[in-house]
Amino acid sequence: MTAKPDSDRFQSGADKYAAYLETPAGRLRCGLAFANLQDFLVLPQSRRSLRGLDLGCGTAATAVRLARLGIHMTLLDSSSAMLDIAKRAAREAGVDGKIALNHGDAAQAANLFPAGSFDVVLCHNILEYVDDPVAVLRGAARAMRDSSAILSLIVRNQAGEVLKAAIQAGDLAAAEQNFTAQWGHESLYAGKVRLFTAESLQVMLMEASLAVTAKRGLRVVSDYLPPRVSLSAEYERIFELELKLGRRPEFAAVARYTQCLARCTGPVTEDGA
């Protein structure tokens, strides 16, 4: 089994994805990820502008936030429909002058951008869809300026799929299966997605000459709150709770998504040697 290699689901589902990001669950995922990234983002005191690369940028939700901080962002996505939304979002936010859009495959990033070009690289929720996650990570590492550059990586956590099946769906058979499952079901696009364990992710990062600086959990409990707790009405309180939980390793281990902040440990070649 491999993830679907083309961008059909992202092309036809771009509007659906954009709408999802406006829901409390979507806002939480993006907002928490950005807050975690900011903890490790050092803006220069000099006039030198930081440069960022967003692999599989989608609708540019995070890239726009970084552009507002003055970072010049380069966006890459295989879906022209996603890029259309990203372009509109940048224009509406008044940061279109700081955002460059590129149509292409994240796995080819090493061939698309000069080595050592970026201070910040985003790789958010893309590895679960590509055929070769390590190739994407190697391309990301190659694009990073030096050991001071930061990579923000978000993947779907296998442990979170176990809890989701048991608590949210009440499907004990699926929960047991997810203990060892390498693939899960993506409800938004109705397709298969790769699941990651802490061990499998660590191996991939090491193969790409990347070392984890910090690990965070995204959406630890918010998906399982009882109906009496409104995710919309209590959004700020839930956000702050999630932020605290996601920074504790014991809670981060069972979150729906894992976010890693990583830096390069050495030069990266095409074959990882």
**Complete:** Once amide hydrogens are built 1.01 Å from N within the peptide plane, the residues lying 5 or more places from Cys57 or on another chain with amide H under 5 Å from its amide H are Leu76, Asp77
**Message:** Apply the Karplus curve 6.51 cos²θ - 1.76 cosθ + 1.60, θ = phi - 60°, to the phi angles in the range 121-132 and return the couplings in whole Hz, x for Gly and Pro.
**Reply:** 10, 9, 9, 9, 6, 10, 4, 6, 10, 8, 6, 10
**Request:** Report which label in [x] 40; [y] 16; [z] 23 holds the value of percent of Cα pairs over 33 Å apart derived from the coordinates of this structure.
**Result:** [y]
**Asked** So what are the ³J(HN,Hα) numbers for the range 203-209, from phi and the Karplus equation (6.51, -1.76, 1.60; θ = phi - 60°), rounded to whole Hz, Gly and Pro as x?
**Response** 4, 4, 5, 5, 4, 9, 6
**Request:** Quick one: what are the phi-derived ³J(HN,Hα) couplings along the range 149-161, Karplus 6.51/-1.76/1.60 with θ = phi - 60°, whole Hz, x for glycine and proline?
**Result:** 6, 10, 10, 10, 10, 10, 9, 7, 8, 4, 4, x, 5
**Message:** As a test, work out the antiparallel percent of DSSP beta bridges whose residues both lie in the chain, rounded to the nearest 5.
**Reply:** 45
**Request:** Using a 1.4 angstrom probe, figure out how much accessible area the chain has per residue, in square angstrom, rounded to the nearest whole.
**Result:** 47
**Message:** What distance in nm separates the two pseudo spin-label positions at Arg247 and Thr197, each 7 Å out from Cα along the beta-carbon direction?
**Reply:** 3.0
**Asked** On the first, second and third principal axes, largest extent first, how far apart are the outermost C-alpha atoms of the range 114-273 in Å?
**Response** 51, 33, 27
**Request:** Keeping to pairs on different chains or 8 or more places apart, tell me how many lysine pairs in the chain have Cα atoms under 24 Å apart.
**Result:** 11
**Item:** Share of carbon and sulfur in the accessible heavy-atom surface of the chain [1.4 Å probe, %]
**Value:** 52
**Fill in**
Sites removed, the longest contiguous part of the chain containing no DSSP-loop trypsin sites (Lys or Arg not before Pro) with at most 10 other Cβ within 10 Å is 49-227
**Complete:** Any residue on another chain or 5+ positions along whose placed amide H is under 5 Å from the amide H of Ile126 is listed here as Ile154
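The values are calculated or read from the model by the stated rules, or taken from the named source; none is laboratory data. What you see is a predicted model, and the numbers here were worked out from it, not measured in a lab. FYI the Cβ positions are ideal-geometry reconstructions off the backbone, even for glycines, and counts take in every protein chain you see. Calculation scope for accessible area: heavy atoms of the full protein, side chains included, ligands and nucleic acids excluded. Shrake-Rupley method; radii C 1.70, N 1.55, O 1.52, S 1.80 Å.
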